[in-house]
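Trainee: Following this message is one structure expressed as structure tokens.
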Amino acid sequence: MDGVRTAKFMLTAGPVEASDRTLRALSQQVYYHYDPQFQEIFAETTRMLQEVFQTKQDVIIMQGEALLGLEAAAACCFQPGDKVLNLVSGVFGHEYAWYIRMYGAEPIEIRVPYNEVIDPADVEKALKANPDIKFLAVVHSETPSGTLNPVKEICTVAKEYGVITIIDAVSSMGGVDIRPDEWGFDICVVGPQKCLSSTPGLALISVSDEAWEVMRKHDPPVRYSYLSMLDWKEIYLETGRFPYTIFTSEVVALHEALKQILEEGLENVWKRHATAARVCRAGIRGMGLEIWPARDEICTPCVTAIKTPEGIDDAVLREHMYKRYGVLISGGFKDLMGKLFRIGHMGKTADPMYVIVALSALEKSLKDLGYPVKLGSGVAAALEAF
Ligand SMILES: *Cc1c(COP(=O)(O)O)cnc(C)c1O
């Protein structure tokens, strides 16, 4: 590496680009975690997270990327014999069953094709048929498929049945209006490196009083562990001490990223994500390609999944975009590899002009590879939709 980055524009599915201000915050001297200034930054970060999450619940910052938070929820809550309704509309939903089994619980699943979303009526049916279901796990934005599950309706039904809800909002928080308190979220896990436009390495989690109670009653409660959410409640939130050394630089970056979101205003940030997604879909269709999700209403605002066109190897296409034009996008993930590729528009890159850069590189690359596309057709459609 000679220090020159090949990727000039990153429209990836996360991590995504950070703003100049966030990068400047990252370049500060390393903080000692009990430096009073850092303690203030940490407390303020927690407060800002509550604002961005739109919640009065506790919010904790665990160290390790978002998957650690999702596993921690399983480790701290599930016990042998517990039944967990696991909703599977994509790769991340499918994989949650692994944690459910690993921590001794039993998954009961509702599955839909990966270009579809979960129907809340099916959730109600399953809860009615299995009155001993104790937990429900759902992915809000299935980043690998570009879809958005109706978590408001799903969790509202779950709470009517007294079920504890675990929501993977890793890629949706900051990209769309989410109301954990009104919608009945008990544990909501978010990543800083998606719509919040900060660095990977932290799990941001809101926790309801009911969920804390479940964790305290776990036999034995998970404490003094890297997977313990209770440690963050009982050590940090209740005494102000840290359970261990903090990833101070990641927190400083997140602090700056959240400040910018709140300065811009949540509504404006959501609107920017929605516009970027709409412009992206218009551009994709304009150049004759197809969107992966079955319908526009179920598309997530943070990423657009595109069916790999006939006769094109998406890995070759993406490498061409990267090497020739410096535009980095994402491929299919796990089961969806080869079937689709993705243009991320999250955080800083949730901006129609970024999307138009990606669309230009995409149509030019398709043309370079011999695919019949009329240059400018995607960009023109995108500009019309803008
Ligand atoms: C990115 C993502 C994850 C994983 O987050 P990591 O930070 O990589 O652990 C989980 N779920 C969804 C929906 C995601 O988009």
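Please treat every number below as a calculation from the coordinates, not as lab data. Please read all numbers here as calculations on a predicted model, not as lab measurements. Quick reminder, even Gly has a Cβ in these numbers, built from the backbone with ideal geometry, and neighbours come from all protein chains shown.
Trainee: Roughly how many nanometres apart are two label points built 7 Å out from the Cα toward the Cβ at residue 264 and residue 43?
Mentor: Result: 2.9 nm between the two label points.
Trainee: Here's something else I'd like to know. With unit charges on the beta carbon (Lys/Arg positive, Asp/Glu negative), name the residue among 192, 349, 371 whose Cα is farthest towards the positive pole of the charge dipole of the chain.
Mentor: Most positive-ward Cα: 371.
Trainee: Could you size up the charge dipole of region 59-180 around its Cα centre, putting +1 on the beta carbon of Lys and Arg and -1 on that of Asp and Glu, and report it in debye to the nearest 20? Walk me through the numbers on the way to the answer.
Mentor: On the way: 9 positive and 16 negative charges, 47 e Å.
For this selection, approximately 220 debye.
Trainee: Treating each Cα of region 6-52 as an identical point scatterer and ignoring solvent, apply the Debye formula and state log10 I(q)/I(0) at q = 0.25, 0.31 Å⁻¹.
Mentor: Log10 I(q)/I(0), no solvent term: -1.03, -1.10.
Trainee: Using r as the Cβ-Cβ distance of residue 225 and residue 132, and R0 as 25 Å, what FRET efficiency do you calculate, to the nearest 0.05?
Mentor: 0.35
Trainee: Here are some pairs, 194/334; 233/348; 307/348; which of them have Cα atoms lying more than 22 Å apart in this structure?
Mentor: 233/348; 307/348
Trainee: Here's another thing I want to ask about it. With a 10 Å radius around each residue's Cβ, average the other Cβ atoms per peptide and rank 276-282, 288-294, highest first.
Mentor: The packing order, highest mean first, is 276-282, 288-294.
Trainee: Viscosity 1.567 mPa s, temperature 4 °C: give me the Stokes-Einstein translational D for region 1-151 in µm²/s, with Rh taken as the Kirkwood radius over C-alpha pairs.
Mentor: Rounded, D is 69 µm²/s.
Trainee: Let me ask another. Restricting everything to alpha-carbon atoms, can you work out Rg to Rh for region 57-114 with a Kirkwood hydrodynamic radius?
Mentor: My calculation of the ratio gives 1.00.
Trainee: Jot down the radius of gyration and Dmax of the chain, Cα atoms only, both in angstrom.
Mentor: Considering the chain through its Cα atoms, Rg and Dmax are 21.0, 64 Å.
Trainee: Moving on. Using a cut-off of 17 Å between alpha-carbon atoms, which aspartates and glutamates can reach residue 339, once sequence neighbours fewer than 8 places away in the same chain are excluded?
Mentor: List returned: 116, 142, 290, 310, 313, 314, 319.
Trainee: In addition: Would you compute, for the Cα atoms of region 26-81, the largest minus smallest coordinate along each principal axis and list the three values in descending order, in whole Å?
Mentor: Dimensions of region 26-81 along the principal axes of its Cα atoms: 48, 25, 19 Å.
Trainee: With the crude spin-label approximation of a point 7 Å out along Cα→Cβ, what separation in nm comes out for residue 316 versus residue 210?
Mentor: 5.3
Trainee: Around residue 52, under 14 Å between beta carbons, what's the net of Lys plus Arg minus Asp minus Glu among the other residues?
Mentor: Taking every Cβ under 14 Å from that of residue 52, the sum is -3.
Trainee: Using the structure shown, select from 8/374; 83/152; 56/83; 8/56 the pairs with a Cα to Cα distance greater than 30 angstrom.
Mentor: From 8/374; 83/152; 56/83; 8/56, over 30 Å: 8/56.
Trainee: Follow-up question, since we're still on this one. Roughly how many whole Å is it from the C-alpha centroid of region 12-27 to that of region 288-340?
Mentor: A separation of 23 Å, based on Cα centres.
Trainee: Take the alpha-carbon positions of region 221-360, form their convex hull, and give its projected area averaged over all directions (one quarter of the hull surface) in nm².
Mentor: Mean orientational projected area (region 221-360, Cα hull): 12.4 nm².
Trainee: Pick out the long, greasy-scoring helices in the chain: whole DSSP H runs spanning 20 Å or more along their own axis by Cα, mean Kyte-Doolittle at least -1.0. Could the numbers behind the result be given before it?
Mentor: On the way: long enough: 36-53 (25 Å, -0.22); 248-264 (24 Å, 0.11); 266-286 (30 Å, -0.39); 352-368 (24 Å, 0.62).
Span-like helices, by this rule, are 36-53, 248-264, 266-286, 352-368.
Trainee: Continuing with this model, one more query. Run the numbers for residue 20 and residue 296: contour at 0.36 nm per residue of separation, minus the present Cα-Cα distance, in nm. Intermediate values should be presented prior to the final figure.
Mentor: Working: separation 276, 0.36 × 276 = 99.36 nm, distance 3.28 nm.
Taking 0.36 nm per residue and subtracting the Cα distance, the gain is 96.1 nm.
Trainee: Excluding residue 265 itself, calculate the net charge of residues whose Cβ lies under 14 Å from the Cβ of residue 265, where each Lys or Arg counts +1 and each Asp or Glu counts -1.
Mentor: -2
Trainee: Listed highest first by mean packing, meaning other Cβ atoms within 10 Å per residue, what order do 144-156, 353-365, 6-18 come in?
Mentor: 144-156, 353-365, 6-18
Trainee: Now a separate question. Show me the ranking of peptides 333-341, 53-61 by mean Cβ neighbours inside 10 Å, starting with the highest.
Mentor: 53-61, 333-341
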